[in-house]
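Input: a single structure, listed below in structure tokens.
We did not get these values from a lab; they are worked out from the coordinates using the rules stated. Keep in mind it's a predicted model, so treat the numbers as computed, not measured. Note that we place each Cβ from the backbone using ideal geometry, even for glycine, and neighbour counts take in every protein chain shown.
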Ligand SMILES: [Zn+2]
């Protein structure tokens, strides 16, 4: 079991590095977690650590009841809703929370991007919008857990904040975050293309596209 936990810590660090390097999160924001199989526990990033710089020492083992199981390490303040999701949905084994710019822009506007391309429709299926509540509050934990009580939901926007994605493992939760940001970005770009219609007509010529003015 110790070996498994060491492996999960490494995975948590690797996925967090990828999220930071991909530009899904800035500074010390966001926090990812992974369920520890066979125990009512999860590993989560400690508070104040940067996802891009974190090491295994920046992970902390917590009980699903909220108890901190390692001395000297404090979990991210968002730990409440991570644990609420694990308690609400036994099929979730990994959670990614990031602030990717395009998805967060929709969250700031209080709107959900349309599932604009086939990958979004096929993989994400639905995007929930969780209403605003203070970071780390019991109210936010309730709202997030309520949304993810739907076993088919994989992604949500937190209003004025960022994204939450879940999966049967941490890597899949990360891919869901990546697809959500991609969907949000393409939806904005498609809206720009639509808006450009007023000053340029896009004319398809065979397999080329030309702009006629
Ligand atoms: Zn956040």
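Some points to look at:
- Fraction in percent of alpha-carbon pairs per bin - 10 Å, the range 20-145: 12, 39, 37, 12, 1
- Angle in degrees between helix 138-147 and the longest Cα principal axis of the chain, rounded to the nearest 10: 60
- Note on residue 22 and residue 139: the model spin-label points, each 7 Å out from Cα along the C-beta direction, lie 3.2 nm apart.
- Taking the fewest neighbouring Cβ atoms within 10 Å as the starting point, the ordered list for 185, 45 is 185, 45.
- Convex hull of the chain built on C-alpha atoms - directionally averaged projected area, nm²: 13.3
- Selected from 127, 95, 44 as most flexible by GNM, with the chain as the system and alpha-carbon contacts under 10 Å: 127
- Between helix 170-196 and the chain: long-axis angle, C-alpha atoms, 0 to 90°, nearest 10: 20
- Simple label model, 7 Å out from Cα along Cβ direction - residue 10 to residue 40, nm: 3.0
- Under 18 Å from the residue 55 label point (7 Å along Cα→beta-carbon), backbone N, the range 1-31: 6-18
- Alpha-carbon geometry of the range 1-92: the Rg and the Dmax are 12.3, 33 Å, given in that order.
- Angle of helix 2-21 to the longest C-alpha principal axis of the chain, folded into 0 to 90 degrees and rounded to 10: 30°.
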